[in-house]
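Peer 1: Got a structure here, written out as structure tokens. Questions coming.
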Amino acid sequence: VKILIKSPDGREVKSIVTDEHGRYFFSLPTGTYIIEVPSLPKAQFTKDLPATVTIKDGEEIRLNIRIDTGIR
């Protein structure tokens, strides 16, 4: 899944693709960011995004994103 990191004014700062297990990691400077997934495969959705995160100097943030596949 492609994850977009944007500045509060909507400018794309970084993008990353999750690994085969759905994990991701990236480093960002101190600041406030909006995390989005631009598109998901058909019938999948998330209520976790968009999310706004604020990173302070030396801080590590964990953001778990649950994606519902619609399979029950």
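Peer 1: Would you pick out the residues in the range 24-40 that are in a loop (DSSP other than H, G, I, E, B) and within 11 Å of residue 2 (Cα to Cα)?
Peer 2: 24, 37, 38, 39, 40
Peer 1: Within the range 7-17, does at least one residue satisfy the condition of being of a type in the set (Asp, Glu), at pLDDT 90 or above, out of contact with any His (no Cβ under 9 Å at 6 or more places or on another chain) and surrounded by fewer than 10 Cβ atoms within 10 Å (Cβ to Cβ)?
Peer 2: yes
Peer 1: Name the residues in the range 41-60 that are more than 19 Å from residue 2 (Cβ to Cβ), of a type outside the set (Asp, Glu) and in a loop (DSSP other than H, G, I, E, B), would you?
Peer 2: 56, 58 - these are the residues of the range 41-60 that are more than 19 Å from residue 2 (Cβ to Cβ), of a type outside the set (Asp, Glu) and in a loop (DSSP other than H, G, I, E, B).
Peer 1: Cβ contacts < 6 Å: first residue in contact (Cβ under 8 Å) with a residue 60 or more places away in the chain, restricted to the range 43-72; second residue of a type outside the set (Lys, Arg) and part of a loop (DSSP other than H, G, I, E, B), any location; separation 6+ or different chain. Result?
Peer 2: 65/46; 65/48; 67/44; 67/46
The values are calculated or read from the model by the stated rules, or taken from the named source; none is laboratory data. Keep in mind it's a predicted model, so treat the numbers as computed, not measured. All Cβ positions, even for glycine, are placed from backbone atoms using ideal geometry, and neighbour counts span all protein chains on display.
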